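Engineer: The structure follows.
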């Protein structure tokens with residue numbers, strides 16, 4: 001998480017009349033009072049967390065509550081009044097009351113049954129169906145350890161303490177949520193919590209109508225999984241970055257490499273970390289895939305083809321990754337992409353990326369690789385479809401710049417130059433590099449805006465003085481030679497040296 005700065009300080013004894021402070025706190029308290037039973041007391045999750053372990057009062061977790069005029073669902077607790085447990089902590093929030101399971105050596109998650117807040121027991125099937133679909137979809141991520149449905153559903157209808165759930169199931173992350181139906185509309189709320197710290201990592205609402213219940217169920221599953229997987233990975237990277245460097249195993253080394261990769265910082269060091277991870281675990285398919293991918297990135301980012309030794313190294317890493325991948329969609333997608341791009345093994349690359357999206361249709365990276373491999377195979381509509389799917393699964397992902405760029409090249413080859421230029425321009429707003437500028441150049445030139453194409457080439461040469469039109473054969477290895485020639489000719493006409 002990026003550090004933040006306080007915008008200003010205020011003198012002591014000064015009352016800050018900001019609606020966020022007065023309004024939300026008062027509103028939440030008033031709304032919680034409204035859902036309390038006569039003579040009962042309800043408090044927010046924040047209040048319960050501060051009281052936990054400090055008072056001899058038990059609380060029952062009543063889950064997420066949608067409160068009037070409050071934007072996000074609030075987790076609430078009901079004080080146990082007039083019962084034997086009122087003088088002692090509730091079993092549902094007691095610490096250390098059950099034996100803790102050892103956490104797996106990879107990110108672990110449990111999806112608890114979503115609460116049916118509709119007041120209609122007939123809607124239980126809908127809430128349960130969403131949870132089952134999410135569990136199935138998350139299980140496709142071989143990088144995750146996912147608790148099976150039969151275990152997570154033992155908590156259905158019971159008050160839960162997230163830390164206790166984490167201990168009992170042996171997981172680091174817990175997803176919980178609720179379903180509320182009003183009239184013909186449905187709101188589904190979810191939140192992801194680090195069970196070891198009780199820290200909320202992510203929360204969101206999904207709204208739809210009951211006209212297409214199962215369509216809404218699919219939409220929620222896709223959206224939740226597409227957002228949760230990257231959130232878990234970021235949390236794991238943050239966790240590992242705080243570990244002493246003398247206590248690193250293969251997975252920790254891999255995560256440290258991924259952290260550098262995502263920051264686009266010191267990629268050679270990232271490559272060294274992936275190689276170190278392989279020394280610790282020679283059967284770590286994702287580490288092979290990322291090591292090969294970084295060599296591919298070196299060629300793509302520099303605009304200069306790899307030397308033969310580095311190319312062979314990348315291909316060897318990719319082949320080893322494929323052999324060990326089994327049903328790991330991530331490794332299959334990355335390795336298939338490398339084999340198509342650097343090895344021109346188009347049929348094998350296609351087979352691998354198709355296998356990846358079949359194994360895990362919620363994995364954005366698999367759709368990204370499918371898009372680029374389709375582009376290399378001159379299947380342009382299929383490429384655009386894949387890039388659109390990638391963006392839909394991960395709409396805030398920096399990888400969407402690659403998707404816009406790939407879409408721009410596909411539209412160029414389809415003769416849709418204005419659309420291609422628009423896609424490239426969108427990508428350039430986030431990243432100015434060989435690929436985005438090349439895509440913009442060829443499309444604007446063919447759209448009849450030669451001066452803009454020439455300006456793009458000047459900027460391209462400022463960034464990468466060694467880039468040449470002749471590099472197109474390796475940098476844009478489309479299967480059809482005439483398609484590669486079209487790109488090279490357009491770049492030359494815009495002023496790129498041969």
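The values are calculated or read from the model by the stated rules, or taken from the named source; none is laboratory data. As the structure is a computational prediction, the values presented were derived from the model and not from experiment. Glycine also receives a Cβ, built like all others from the backbone with ideal geometry; neighbour counts cover every protein chain displayed.
Engineer: Against the definition (closer than 28 Å to residue 366 by Cα, assigned by TED's automatic domain parsing to the domain that holds residue 202 and in contact (Cβ under 8 Å) with a residue 40 or more places away in the chain), how does residue 157 come out, yes or no?
Structural biologist: Spelling it out, it is not the case that residue 157 is closer than 28 Å to residue 366 by Cα, assigned by TED's automatic domain parsing to the domain that holds residue 202 and in contact (Cβ under 8 Å) with a residue 40 or more places away in the chain.
Engineer: Residue check, residue 454 against (1) farther than 25 Å from residue 348 by Cβ; (2) touching a residue at least 24 places away in the same chain (Cβ under 8 Å); (3) buried (at least 24 other Cβ atoms within 10 Å of the Cβ), all met but one. Which one?
Structural biologist: The one condition residue 454 does not meet is (3).
For (1) in a helix (DSSP H, G or I); (2) at pLDDT 95 or above, each residue gets a yes or a no:
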| residue | (1), (2) |
| --- | --- |
| 353 | yes, yes |
| 366 | yes, no |
| 369 | yes, yes |
| 372 | yes, yes |
| 375 | yes, yes |
| 378 | no, yes |
| 381 | yes, yes |
| 385 | yes, yes |
| 388 | yes, no |
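Engineer: Before we move on, is residue 305 free of Cβ contacts under 8 Å to residues at least 24 places away in the same chain, farther than 22 Å from residue 230 by Cβ and part of a loop (DSSP other than H, G, I, E, B)?
Structural biologist: Judged against the criteria, residue 305 is not a match.
Engineer: Being in contact with a helix residue (DSSP H, G or I) (Cβ under 9 Å, 6 or more places away or on another chain), farther than 22 Å from residue 361 by Cα and crowded, with 19+ Cβ neighbours inside 10 Å narrows it down to one of 269, 185, 181, 243, so name that one.
Structural biologist: Result of the check over 269, 185, 181, 243: 181.
Engineer: A follow-up question, please. Over 22 Å from residue 238 (Cα atoms), in contact with a strand residue (DSSP E or B) (Cβ under 9 Å, 6 or more places away or on another chain) and at pLDDT below 85: does that describe residue 177? Walk me through how you get there before you give the answer.
Structural biologist: Working: over 22 Å from residue 238 (Cα atoms): yes; in contact with a strand residue (DSSP E or B) (Cβ under 9 Å, 6 or more places away or on another chain): yes; at pLDDT below 85: no.
When the stated conditions are applied, residue 177 does not pass them.
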